[in-house]
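Contents: one structure, followed by commentary.
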Amino acid sequence: IAEHGARERARELGVTLTMRPCTDALEMAASIHSLIQQQVNAIIVAAIDANDPSFLAALECVTAAGITLVAVDVPLACPIDCLVHSDDRRGAADGAAFLTERLGRQGKVIHLQGDMGAPVAQLRSAGVHQVLDRFPEIEIIESDQGGWNRAVTLPVVRALLDEPDDPVRRLLDR
């Protein structure tokens, strides 16, 4: 959703938007250095590990190059021009409330988490538990740290859904 909105706004403004999806802080640092070499006007980062030395060194280079730096979701330990963030705890709580109602306030839930070392994942998990923990009839049958990696989480979900009498499967079949 965010990528779609960013691309749409870039078209409206007549600017070129380059997206560099990264899977770790080292890859993110390399992408940042590449963007600096291209002399871009601004860099928007959603830090994977805001304390990684290679990432922080890359951000110092952004500042030294005079490039506008925008942080998404995670405050950074360096000067930034703007911080944009969502209310991850509330968003997760709203999603969990919807799920709770859809389940009739009872049933089994699979809770797949991101990298729990990341503040965003911690907030989202807290939001889910803020709602689900109030309903003893809802059981979290799996809580896995998939690290936002489909290759890690897909086998977990498939194994759980292969159980023929599982309420999770019945919900998905509705």
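The values are calculated or read from the model by the stated rules, or taken from the named source; none is laboratory data. These numbers were taken from a predicted model, which means no experiment stands behind them. Here Cβ is always computed from backbone atoms with ideal geometry, including for glycine, and neighbour counts include all displayed protein chains. Calculation scope for accessible area: heavy atoms of the full protein, side chains included, ligands and nucleic acids excluded. Shrake-Rupley method; radii C 1.70, N 1.55, O 1.52, S 1.80 Å.
Summary table below
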{"quantity": "Filtered residues of region 17-42 (kept if within 16 Å of the chain's Cα centre (by Cα) and open to solvent by 100 Å² or more (accessible area, probe 1.4 Å))", "calculated": "Pro21, Thr23"}
{"quantity": "Residues within region 109-154 that are open to solvent by 70 Å² or more (accessible area, probe 1.4 Å), among the hydrophobic types (A, V, I, L, M, F, W, C) and at pLDDT below 80, tallied", "calculated": "1"}
{"quantity": "The listed residue being more than 24 Å from Met28 (Cβ to Cβ) and surrounded by 14 or more Cβ atoms within 10 Å (Cβ to Cβ), out of Val157, Val74", "calculated": "Val157"}
{"quantity": "Residue pairs meeting the criteria (Cβ under 9 Å; at least 6 apart or on separate chains; first modelled with pLDDT under 90, in region 1-24; second of a type in the set (S, T, N, Q) and part of a loop (DSSP other than H, G, I, E, B))", "calculated": "Ala2/Ser86; Thr23/Asn149"}
{"quantity": "Hits in region 55-71 - residues which are open to solvent by 30 Å² or more (accessible area, probe 1.4 Å) and either aliphatic (A, V, I, L, M) or closer than 19 Å to Asp115 by Cα (or both)", "calculated": "Leu56, Ala57, Ala64, Ala65"}
{"quantity": "Residue that is nearest to the chain's Cα centre (by Cα) [pool: residues in region 1-16 that are assigned to a helix (DSSP H, G or I) and of a type outside the set (Gly, Ala, Ser)]", "calculated": "Glu3"}
{"quantity": "Segments classed as strands (runs of 3 or more DSSP E), wholly inside region 66-165, with at least 3 members that are within 19 Å of the chain's Cα centre (by Cα) and of a type in the set (A, V, I, L, M)", "calculated": "68-72"}
{"quantity": "Ala46 vs. criteria open to solvent by 40 Å² or more (accessible area, probe 1.4 Å), in contact (Cβ under 8 Å) with a residue 24 or more places away in the chain and farther than 20 Å from Pro119 by Cβ", "calculated": "no"}
{"quantity": "Some residue of region 86-95 being of a type in the set (Ser, Thr, Tyr), open to solvent by 40 Å² or more (accessible area, probe 1.4 Å) and at pLDDT 95 or above", "calculated": "no"}
